[in-house]
Amino acid sequence: MLNLRKPIAFFDLETTGVNVSTDRIVELAIVKIMPDGSIHKKPELPGKENRYLINPEMPIPLETSLIHGVYDEDVKDAPTFKQISKGLFKFLHGCDLGGFNSNKFDIPVLAEEFLRAGINFNMEDRNMIDVQTIFHIMEQRTLKAAYKFYCNEELSGAHEAMPDTMATLEVFKSMLTKYDGAEVIDAKGNVLPKFENDMDVLHKFCQRGKNADMLGRLVYNDDEIVCFNFGKYKGQPVSEVLSKDPGYYNWMMNGEFPLYTKRVLTEIRNENQQKK
């Protein structure tokens, strides 16, 4: 039983994207635990089976819907956040807040939505419990922690190049044994190839996106076309943007972008010029 002096509400949001300032909530799940241990799952909101869909009053990008499963059709008749804001505010009154990565994303997004609805969602008297932060502190994802977990050895000389390199190699070899043949589903629900001692297969495990450059400023879309992944042209093909706004190329080349990104950008610009 939780040791509580006041209620705590654990919640999770699905949104139109990851920009705290501009993206909106499309789904809310919330559970309130009282100091006596009782659980309340039913704020006075329209919903079904504790799934509260919210009309974000903006289109949900398809790539986002494919992740969380909420599409424009699902929310077209759902209430807006403003319509549910008073009931939700009442339900959360006097509660601490908890979630997974909630301090960096869910709580800031929730506060933004309340402010748009004209409600000052004050955080000063609330404890904010981020389970992800606790997880990362208690189960550190460092080389030293990995060496202990996989090899049951203490890493001496940590942060020296050769000891770190050799420890990484030993951890990798232990992984090959531990996970050989394992079925793998990533955090987004994608089924990956079976884990095996094959560098082509493991390369796919290590890719976090279809980047055209090293840091993901430029990415491939579903049609294998390179698009911008930031700024005002996010999601738009690089070749089209450079054709309609040639000055954007100069801005990026004079900006603090990685040289590799600039190289890819230049290659696309040169291809455009050759086609003319």
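Restricting attention to the range 126-150, which residues are outside any helix (DSSP H, G or I), more than 19 Å from Glu14 (Cβ to Cβ) and touching a residue at least 12 places away in the same chain (Cβ under 8 Å)?
So the first thing to find is which residues in the range 126-150 are outside any helix (DSSP H, G or I), and the list is 126-130, 139-142.
Checking the rest, the ones that are also more than 19 Å from Glu14 (Cβ to Cβ) come to 126-129, 139-142.
Arg126, Asn127, Met128, Ile129, listed by residue number.
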* Asked: In the range 79-89, is there at least one residue being modelled with pLDDT of 90 or more, surrounded by fewer than 16 Cβ atoms within 10 Å (Cβ to Cβ) and assigned to a loop (DSSP other than H, G, I, E, B)?
  -> no
* To do: Taking Ala158 as the residue in question, decide whether it is surrounded by 13 or more Cβ atoms within 10 Å (Cβ to Cβ), at pLDDT below 85 and more than 26 Å from Val18 (Cβ to Cβ).
  => yes
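Quick one: how many residues across the range 183-201 are surrounded by fewer than 11 Cβ atoms within 10 Å (Cβ to Cβ) and at pLDDT 85 or above?
Step one: of the range 183-201, the residues surrounded by fewer than 11 Cβ atoms within 10 Å (Cβ to Cβ) are 183, 185-191, 199-200.
Adding the requirement that they be at pLDDT 85 or above leaves 183.
Going through the range 183-201 one residue at a time, the tally reaches 1.
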* Quick check: anything in the range 60-71 free of Cβ contacts under 8 Å to residues at least 40 places away in the same chain, out of contact with any Pro (no Cβ under 8 Å at 6 or more places or on another chain), surrounded by fewer than 18 Cβ atoms within 10 Å (Cβ to Cβ) and over 28 Å from Val191 (Cβ atoms)? -> no
* Restricting attention to the range 126-152, which residues are surrounded by 12 or more Cβ atoms within 10 Å (Cβ to Cβ), charged (D, E, K, R) and more than 30 Å from Arg5 (Cβ to Cβ)? -> Lys144, Lys148
* Structure fact -> Requiring at least 1 residues that are in contact with a Ser or Thr (Cβ under 9 Å, 6 or more places away or on another chain) and not small (Gly, Ala, Ser), the helices (runs of 4 or more DSSP H) wholly within the range 175-276 are 247-253, 259-275
* Structure fact -> Flagged in the range 112-125 as assigned to a helix (DSSP H, G or I) and buried (at least 16 other Cβ atoms within 10 Å of the Cβ), in numbering order, are Glu112, Glu113, Phe114
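The values are calculated or read from the model by the stated rules, or taken from the named source; none is laboratory data. Quantities reported herein were computed from a predicted structural model and do not represent experimental measurements. Ideal geometry is used to build each Cβ from the backbone, glycine not excepted, and the neighbour counts take in all protein chains shown.
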